[in-house]
Amino acid sequence: MSSDKRKNKWVVIILIVCTVLLAIYVMMELDHEQVVTAFASMKPEWLLALIGCMLLYYVLDALKYMLVTQSFGCPQPFRDSLTTTMLGFFYSAVTPLASGGQPFQIYHMHKRGISAGTSTSVICMVYMYWKIALVSLGILGFAIYRRVLLDSGAAWVPFLMLGLFLQILALGAVALSALKPKWISGIGTTVLKGIFGVELFTSKGLKPTHAIEKLNQFVDEYHTAYVEGSKNKKLIAYTLGCAFLECIAYMSVAYCSYRGFGMSGQPYYRVMFLQVLLYIGASLVPTPGAAGASEGGYMMVYRGLFGRHITMSMLVWRLATYYLTLLVGYLFVVADRVDPRRKAGETSRRQEAEEISSDSIAEQ
């Protein structure tokens, strides 16, 4: 118990430090007066619509997790699914190339009692649905508005094309990992043998056999979960529909900003598709939240549409799509840490591990 108390004490300290650092970061990045001026300049109904789009984005992503876990035979209620979503969004926002979200989501689901292989399969499936929606809208948007992009700045187009290619590549890699488990096992086995062949490991007498066995077990479980989850076509259709609606809700924020500053004349779908292309192009930049590329890309792509409101609209858009997610996600991180259900689950699993250990010792 004393060990648990010390652990919880350090967790509280770390959370407090992170809160202070997050507040300092936001204050350094944002100009308070500009933020107040920007929101005061917007029409209230469109400001509410903008916030509504982001909330819908969060809810629809959580519904994807709820539907996928249901189809995989490990149903997760909406509350836990929303926590999974917001933890993923937060850790993606603070890590380069949004690489931290999925590992923390897998860890969270594992803590809720879903095995690592199954939770990885769930995360990959949800990720794949998002990529399908994003790539589909991206290809359609580029086909319709490539001339607009060329007019706004030819330098942006190569980034967009490379970003679209990498998005398609990521989608294919995830699909391949689920459909071809033997390939993944083979690649993983080769990598592990190479790692354990290093002198540092061989000098300690470590062998790759156990690690390879664990890898193959994990891949088999991951593939089995994917196969089982793919059988329910109705749930797949619902989840894919949620993915498209989620993507459209997120990509509608720029249009809400456009109308919020009293502008009209541009059709909704044009502003929305341009935000899709902006998102894809900026995703290449390896900074948290694609900082720098997102703002610069927005100024380049939308300058002709927003005119003198371009700076204020960019600030509102960035606050909604990045900083709001950062704030709400962090609140979920803190809430998850103090959730009594989490502590009860950890205590239960620790007791089970101790019982298994005691039984194995008695058998010996």
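The values are calculated or read from the model by the stated rules, or taken from the named source; none is laboratory data. Just so we're clear, the structure is a prediction, and the values are computed from it rather than from any experiment. Backbone-built Cβ (ideal geometry, glycine too); neighbour counts: all protein chains shown. In case anyone asks, the SASA skips ligands and DNA or RNA and just uses the protein heavy atoms, side chains included. Shrake-Rupley method; radii C 1.70, N 1.55, O 1.52, S 1.80 Å.
Local charge sum around residue 260 (other residues, Cβ-Cβ under 11 Å, Lys/Arg +1, Asp/Glu -1)?
Every neighbour counted, the sum reads +1.
Using a probe radius of 1.4 Å on heavy atoms only, what accessible surface per residue do you get for segment 239-332? Whole Å² is fine.
Heavy-atom accessible area per residue stands at 32 Å².
Fully extended, how many nm does the chain gain between residue 56 and residue 230 (0.36 nm per residue separation, minus their Cα-Cα distance)?
Full extension of this stretch gives 60.1 nm more.
I'd like the Karplus ³J(HN,Hα) series for segment 119-126: coefficients 6.51, -1.76, 1.60, θ = phi - 60°, whole numbers in Hz, and an x wherever there's a Gly or Pro.
5, 5, 5, 4, 4, 5, 5, 4
Counting only heavy atoms of the protein chains, get the accessible area per residue of segment 37-118 (1.4 Å probe) and round it to a whole Å² value.
On a per-residue basis, 42 Å².
Short version: ³J(HN,Hα) in whole Hz for each residue of segment 83-89, in order, from phi by Karplus 6.51 cos²θ - 1.76 cosθ + 1.60 (θ = phi - 60°), x for Gly and Pro, what are they?
Running phi through 6.51 cos²θ - 1.76 cosθ + 1.60 with θ = phi - 60° gives 5, 4, 4, 6, 5, x, 5 Hz.
With r defined as the distance between the Cβ atoms of residue 327 and residue 209 and R0 fixed at 56 Å, what FRET efficiency is calculated, to the nearest 0.05?
For residue 327 and residue 209, the calculated efficiency is 0.75.
At 1.4 Å probe size, with the rest of the protein present, what percent of the exposed accessible area of segment 49-159 is carbon and sulfur atoms?
In segment 49-159, the share of accessible area belonging to carbon and sulfur is 71 percent.
How far apart, in nm, are the 7 Å Cα→Cβ label points at residue 179 and residue 37?
5.3 nm
For residue 264 and residue 284, what is the calculated FRET efficiency with R₀ set at 22 Å and r taken between the beta-carbons, to the nearest 0.05?
Between residue 264 and residue 284 the formula returns 0.10.
Among the listed pairs 111/180; 64/214; 64/231; 214/234, which are separated by more than 23 Å between their Cα atoms?
Distance filter (> 23 Å) returns 111/180; 64/214; 214/234.
What does the charge count near residue 117 come to, summing +1 for each Lys or Arg and -1 for each Asp or Glu among other residues with Cβ under 14 Å from its Cβ?
Counting the neighbours of residue 117, the net charge comes to -3.
Between rounded, prolate and oblate, where does segment 53-109 land on the alpha carbon gyration tensor, with a ≥ b ≥ c its root eigenvalues, rounded for a/c under 1.5, else prolate if a/b exceeds b/c?
oblate
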